[in-house]
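The values are calculated or read from the model by the stated rules, or taken from the named source; none is laboratory data. Being a predicted model, the structure only gives us computed values, none of them experimental. No Cβ is skipped: glycine too gets one built from the backbone with ideal geometry, and neighbour counts run over all protein chains shown.
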Amino acid sequence: MLTAPHPLLVETGWLAAHLDAPGLRVIDCRYYFDGRDAAAAYRTGHIPGAVYADWVKELSEVEAQPPNVLPRPEQTAATMRRLGIGNDTLVVGYDDEGGHFASRLWWVLRYYGHEPVRILNGGLVKWQAEGQPLTAEPPRVAPGDFRPGRPREAMRARRTDVVAALADPRARILDVRRRTEYTGEELRAARAGHVPGTVHLLWRDNLNDDWTFKTPEQIRQRHERAGVVPAQRVITY
């Protein structure tokens, strides 16, 4: 089985050198809240061999209320099989926002027990900046045989978990949205504002200007300044 050197990320150079490796599947996870057509962007140009996954229709439960919750096992199995993913496939997800949406693929797969899944560090932005190849040709992908494992419920927080965390000094809840969403000036959810008692830490500030992740020490220091330390249980939204 193909392995990657880092447990969470792969670098663009590593991916470029392994694009034709057996057992690898690259997934384009681009999505836009502003109405742009991410599937059309994929068809215009994507990493060779990459298959497109729809964040709303495939990586979230269809017709769920509230929307955008984790998909059920049967939907996940159908999606991963369409994408050509099996239980031994090394999956690399990317987008053009530093992993903002590719992390959803990572979460879904890890939630159902799939360990070999990574995010492309710097994503499509870094890939293009380096002059790495793009193609508009859709790949021919044989169906996968993915079988979801037992859900890892500890990776998901429900309302009762959030309420309990608010009263627990050993826990922290992080709101990682834009400041305008946190304050309620911008409405993207059912209601404006934030969960009382949460700490605001914008997700984008964990990344460098080129959309690659900052060093572990930089990220640790940033969170510790906000009162978030490794010993605590952290819930993020």
Residue match in the range 108-126 (condition: on the phi > 0 side of the Ramachandran plot and assigned to a helix (DSSP H, G or I)): yes
Pairs, first at negative phi and in contact (Cβ under 8 Å) with a residue 40 or more places away in the chain in the range 59-72, second exposed (fewer than 11 other Cβ atoms within 10 Å of the Cβ) and of a type in the set (A, V, I, L, M), C-beta under 8 Å, six or more apart: Pro66/Ala190
From the options Gly197, Gly193, residue that is in a loop (DSSP other than H, G, I, E, B), more than 20 Å from Ala102 (Cβ to Cβ) and touching a Leu at 6+ places or on another chain (Cβ under 6 Å): Gly197
The range 183-231 - residue that is at pLDDT below 95 and touching a Ser or Thr at 6+ places or on another chain (Cβ under 9 Å) and, of those, farthest from Asp168 (Cα to Cα): Glu186
Pairs with Cβ under 6 Å, 6+ apart, first in the range 1-26 and at positive phi, second hydrophobic (A, V, I, L, M, F, W, C) and surrounded by 12 or more Cβ atoms within 10 Å (Cβ to Cβ): Gly23/Leu2; Gly23/Leu90
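A quick yes/no check of all residues on (1) among the aliphatic types (A, V, I, L, M); (2) in a loop (DSSP other than H, G, I, E, B); (3) free of Cβ contacts under 8 Å to residues at least 24 places away in the same chain:
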| position | (1), (2), (3) |
| --- | --- |
| Glu181 | no, no, yes |
| Glu186 | no, yes, yes |
| Asp205 | no, no, yes |
| Asp209 | no, yes, yes |
| Val229 | yes, yes, yes |
| Val234 | yes, no, no |
Residue selected from the range 39-74 under the condition of a type in the set (Gly, Ala, Ser) and farther than 27 Å from Ala17 by Cα, by the criterion farthest from the chain's Cα centre (by Cα): Ala64
Those residues of the range 24-55 which are basic (Lys, Arg) and buried (at least 20 other Cβ atoms within 10 Å of the Cβ), in sequence order: Arg25, Arg30
Residue within the range 144-153 that is out of contact with any Ser or Thr (no Cβ under 7 Å at 6 or more places or on another chain), among the hydrophobic types (A, V, I, L, M, F, W, C) and either at pLDDT 95 or above or assigned to a loop (DSSP other than H, G, I, E, B) (or both) present: yes
Residue that is nearest to Arg104 (Cα to Cα) [pool: residues in the range 213-237 that are of a type in the set (Val, Ile, Thr) and in contact with a Lys or Arg (Cβ under 6 Å, 6 or more places away or on another chain)]: Val234
Any pair with Cβ under 6 angstrom, 6 or more apart, that starts in the range 119-145 at a residue that is under 11 Å from Tyr94 (Cβ atoms) and ends at one that is of a type in the set (Phe, Trp, Tyr) and assigned to a loop (DSSP other than H, G, I, E, B): Gly122/Trp211; Gly123/Trp211; Val125/Trp211
